[in-house]
Amino acid sequence: MTDTSTGAETAAETAAQDPWPTISRLHTWLTAHQDLPRNEEILLRVLKLSEEVGEAAQAVIGATGQNPRKGTSHTWQDVEAELCDVVITAMVALRTLTPKAPEVFARHVERVAERSLEGSDG
């Protein structure tokens, strides 16, 4: 929420508009707390995506009550949080692969949009 008296944005608003500075900080922090060769670092960051996607799937199963033993164990807000973790993890993995992650991502989004939205009204 923007503070109308000062025009200042909250950290969440700033990150929502451009998450890359925060992603870069997370990348730096993670790299400082591990001692792996670059190839292993990239591999493990990409593999971390599988873990996060599994957690998102688990949350959907829990939100829909599809595990008879556990019943409804998650909320749709849990699913939202897990999907955010997937996105963050993917962005950090991309940043690990290239310092030009923001540009690589922007170009790719544009290519997907052009291919997908070509000739549509949207």
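What follows is calculated from the coordinates using simple rules that are stated; it is not laboratory data. All of these numbers come straight from a predicted model, not from anything done at the bench. Methodologically, a virtual Cβ is constructed for each residue, glycine included, from the backbone with ideal geometry; neighbour enumeration extends over all protein chains shown.
A compact table of results
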read-out: Of Val46, Val112, Leu36, farthest towards positive along the dipole that unit charges on Lys, Arg, Asp, Glu beta carbons give the chain; value: Leu36
read-out: Per DSSP, loop trypsin sites (Lys or Arg not before Pro) in the range 23-122 with at most 10 further Cβ within 10 Å; value: Arg69
read-out: Estimated D of the range 83-122 in µm² per second, where Rh is the Kirkwood radius over Cα pairs and Stokes-Einstein applies at 4 °C, 1.567 mPa s; value: 114 µm²/s
read-out: Peptide ranges 28-34, 59-65 listed from the most packed, as the mean C-beta count within 10 angstrom indicates; value: 59-65, 28-34
read-out: Rg and Dmax [Cα atoms of the range 37-117; Å; Rg one decimal, Dmax integer]; value: 16.1, 46
read-out: Over the chain, relative contact order from alpha-carbon pairs under 8 Å, at least 6 apart, %; value: 23 percent
read-out: Listed residues Ser73, Ile61, Pro102: farthest to the positive end of the dipole of the range 37-117 (Cβ charges); value: Pro102
read-out: Net charge dipole size for the range 37-117 [Lys, Arg +1 and Asp, Glu -1 on Cβ; Debye, nearest 20]; value: 200 debye
